[in-house]
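Student: Sharing a structure, written as structure tokens. Questions coming.
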Amino acid sequence: MSSLSEKAAASRAALEGLLARAEPGRVAVAWTGGKDSTVALALWREVLESRGLGPLRALNLDTGLKFPEIIAFRDRLAREWGLELTIVRPEVDLSSYPVARDKVACCRDLKIAPLSRALREADIAVLITGLRGDEHAARAGLPFLEERPDPPHLRANPLADWTEMDIWAHILERGLPYCDLYLQGYRSLGCMPCTHLPTDPADERSGRDQDKERHMAELRSLGYF
């Protein structure tokens, strides 16, 4: 097994390789404000700063149902790190939308469709995620690079072989910021209707809506992270 320092070095090296595939302006981090994507953002920031390159671009999916603490953390860190942040919102009226009634349809309309639109409009060639292969069976064996068709782009998963413990160790070692909700016991953060405190200490995502979790493979096939 690799040490955390070896994993971090390998992740940075893999991210550096993206510079041969696309200009930095066509690379963005899918930044949710959660712990994992914040580590991915920090690693990409290190790569760009080491080369004297920019901009540091990020896409944030704001469904209108996020925790206020996540939104506040997103806005604060965007200012502090000078992010070129694109906030992506769904084109639906939440006042009449049947939120979380059909989990696949809800994620498709509030997350997947807006993300596809944003990738086209922002001309993103590479999207860096904070996905880890160990957090869900549908993400097991996650490769570093995935080709996605709609629109055509590459997904880069630099944390594919990291664990939850690796993430927190790196955050604490590097003094990286994180959302206050983690101090309240949350371990995986999504939209408010589908996120609660974890019920199983052995399962990081036990605080996520389990109906949605059962459809993760289908959601990923549609373009979900």
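Student: Where does the chain land at 222 nm, in deg cm²/dmol rounded to the nearest 500, when only DSSP H runs of n ≥ 4 count, each adding -39500 (n - 2.57), divided by all residues?
Tutor: That comes out to -11000 deg cm²/dmol.
Student: Taking H as built 1.01 Å from N, whose amide H comes closer than 5 Å to the amide H of Val29, not counting residues under 5 places away?
Tutor: For Val29, the qualifying residues are Arg57, Ala58, Leu59, Ile128.
Student: Calculate, in nm to one decimal, what Arg12 and Ser95 gain on full extension: separation in residues at 0.36 nm each, minus their alpha carbon distance.
Tutor: Working: separation 83, 0.36 × 83 = 29.88 nm, distance 4.26 nm.
Extra length available between Arg12 and Ser95 comes to 25.6 nm.
Student: Can you list the residues of segment 76-109 with backbone N under 14 Å from a point 7 Å past the Cα of Glu121, pointing along Cα to Cβ?
Tutor: Hits in segment 76-109 for Glu121 at 14 Å: 85-92.
Student: Here's a follow-up. Among DSSP beta bridges lying fully in the chain, give the percent that are antiparallel, nearest 5.
Tutor: Details: 6 of 19 bridges.
The antiparallel fraction comes to roughly 30 percent.
Student: Summing Lys, Arg as +1 and Asp, Glu as -1, what charge do residues with Cβ under 14 Å from the Cβ of Ala72 carry, Ala72 excluded? Intermediate values should be presented prior to the final figure.
Tutor: Details: positive: Lys66, Arg74, Arg76, Arg79; negative: Asp62, Glu69, Asp75, Glu80, Asp180.
Here the charged neighbours net out to -1.
Student: Net charge near Ser206, counting Lys/Arg +1 and Asp/Glu -1 over other residues with Cβ under 14 Å of its Cβ? Walk me through the numbers before you get to the answer.
Tutor: On the way: positive: Arg187, Arg205, Arg208, Lys212, Arg214; negative: Glu135, Glu164, Asp200, Asp203, Glu204, Asp209, Asp211, Glu213.
Result for the local shell: -3.
Student: Follow-up. In a GNM of the chain with a 10 Å cut-off on Cα contacts, which of Tyr97, Tyr178, Tyr186 has the highest mean-square fluctuation?
Tutor: Top of the fluctuation ranking is Tyr97.
Student: Work out, step by step, the length gained on full extension between Ala202 and Arg76: first 0.36 nm times the residue separation, then minus their alpha carbon distance; give nm to one decimal.
Tutor: On the way: separation 126, 0.36 × 126 = 45.36 nm, distance 3.18 nm.
Between Ala202 and Arg76, full extension yields an extra 42.2 nm.
Student: While we're here: List the GluC sites (Glu not before Pro) within segment 1-92 that fall in a DSSP loop (any state other than H, G, I, E or B) and whose Cβ has at most 13 other Cβ atoms within 10 Å. Show your work: numbers first, answer last.
Tutor: Numbers: sites: Glu6, Glu16, Glu46, Glu49, Glu69, Glu80, Glu84, Glu91; in loops: Glu91.
Within segment 1-92, the qualifying GluC sites (Glu not before Pro) (loop, at most 13 other Cβ atoms within 10 Å) are Glu91.
Student: Pick out which of Asp36, Asp200, Asp180 has the largest mean-square fluctuation in a Gaussian network model of the chain, springs linking Cα atoms closer than 10 Å.
Tutor: Top of the fluctuation ranking is Asp200.
Student: Can you list which of the trypsin sites (Lys or Arg not before Pro) found in segment 1-74 are DSSP loop residues with at most 14 other C-beta atoms within 10 Å?
Tutor: Values: sites: Lys7, Arg12, Arg21, Arg26, Lys35, Arg45, Arg51, Arg57, Lys66, Arg74; in loops: Arg21, Lys66.
Filter output for segment 1-74: Arg21.
Student: Further question on the same structure: Ratio of Rg to Rh for the chain, alpha carbon only, Kirkwood? Write out the running numbers ahead of the final one.
Tutor: On the way: Rg = 16.5 Å, Rh = 17.8 Å.
Across the chain, the Cα-based Rg/Rh ratio is 0.93.
Read the figures in this text as sums done on the coordinates, not as results from a lab. The shown structure was predicted, so the numbers you read here are calculated from the model rather than taken from an experiment. Don't worry about glycine lacking a Cβ; one is built from the backbone with ideal geometry, like all the others, and counts go over all protein chains shown.
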